[in-house]
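Report on the structure given below.
The values are calculated or read from the model by the stated rules, or taken from the named source; none is laboratory data. A quick note: this is a predicted structure, and the numbers were derived from the prediction, not measured. Note: ideal-geometry Cβ built from the backbone for every residue, glycine included; neighbour counts use all protein chains shown.
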Amino acid sequence: MKVVVERFNEQGTLRFQLAGPIGVITIDRSSQRNALTQDMWKTMKNWVVSLPSKTRLLVIRGAGSDFTAGSDIKEFSVLTVDQANIAFETMEETISAIENVSIPTIASINGPAFGAGFILALACDVRIGTENAMFGMPVGKLGITLQPPFLRRMIQTLGPSRTKDLIYTARSYKANQAMELRILNYLVPSEKLDSETISLARRMLLQSRASLLAVKKNVNLVLSGMQMETGYWVDNNDFKEGVRAFTEKRPAHF
């Protein structure tokens, strides 16, 4: 297993672990509810854009009882308006990198995901959470004016009206509401989150890699509204193995 640990102020760390084809990024800054500093955002982006070639799936999780409270507001308190805008650009670059990385991504959510932490979760392809998961965007309490990249991800999941309501009222969604609103794909007991996350990852990895990469790319293209050209509908190698396995009534070996 490959393990990389980056230490930051106030005893916070980011960890990257590679166990076979599964990469796991863990946000560990429990004293600050796993709030991310600018340096932590930058490090996460650097890891995502330079993942080891054998990584076929990425999990993002928070240590302890939080996913992440988003960005460190204490750090914001000493920034000028221009510096704060740059900090938001840094967040968006990282979140965009996660959203557009070619492999499947899972957000494993053990507690609150607020602000940029909510957007980070939405940028992942699939979200699995526990009864302790909560989601909110209390930017109105801070004078933060959300820009289209953040709002786009909320609107794609919640729709325009619920996005406005969530921000207008500074309310938060608990786990059951998050399931109803399709913020969460899976809801599991807290004591089973890690095992269920790995089980979900392994199930995904049983599928054709070519199929997963294609659907990730093409779903993102559809959501972007870009003009699309139709390419090949099947993968040269995986299609043959998949059909052969089906007819032979055995698991496919991709």
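Where residues in segment 56-92 are among the small types (Gly, Ala, Ser) and either within 17 Å of the chain's Cα centre (by Cα) or in a loop (DSSP other than H, G, I, E, B) (or both), which of them is nearest to Ala210 (Cα to Cα)?
Only one residue tops the list, namely Gly62.
Working only within segment 20-42, note down all residues that are within 14 Å of Ile95 (Cβ to Cβ) and β-branched (Val, Ile, Thr).
Ile25, Ile27
Have a look at Arg182, Arg203 and point out the one that is of a type in the set (D, E, K, R), at pLDDT 85 or above, assigned to a helix (DSSP H, G or I) and under 30 Å from Gly111 (Cβ atoms).
Every option except Arg203 fails the conditions.
Specify the residue that is nearest to Arg209 (Cα to Cα); the eligible residues are those in segment 1-38 that are surrounded by fewer than 21 Cβ atoms within 10 Å (Cβ to Cβ) and among the small types (Gly, Ala, Ser).
It comes out as Gly20.
Considering segment 49-81 alone, what residues qualify as being modelled with pLDDT of 95 or more and among the charged types (D, E, K, R)?
Passing the criteria: Lys54, Arg56, Arg61, Asp66.
Taking the options Ala87, Ala121, name whichever one is among the hydrophobic types (A, V, I, L, M, F, W, C), at negative phi and at pLDDT below 95.
From the options Ala87, Ala121, the qualifying one is Ala87.
Among Thr163, Thr197, which is in contact (Cβ under 8 Å) with a residue 60 or more places away in the chain, of a type in the set (Ser, Thr, Tyr), on the phi < 0 side of the Ramachandran plot and part of a helix (DSSP H, G or I)?
After ruling out the rest, the residue left standing is Thr197.
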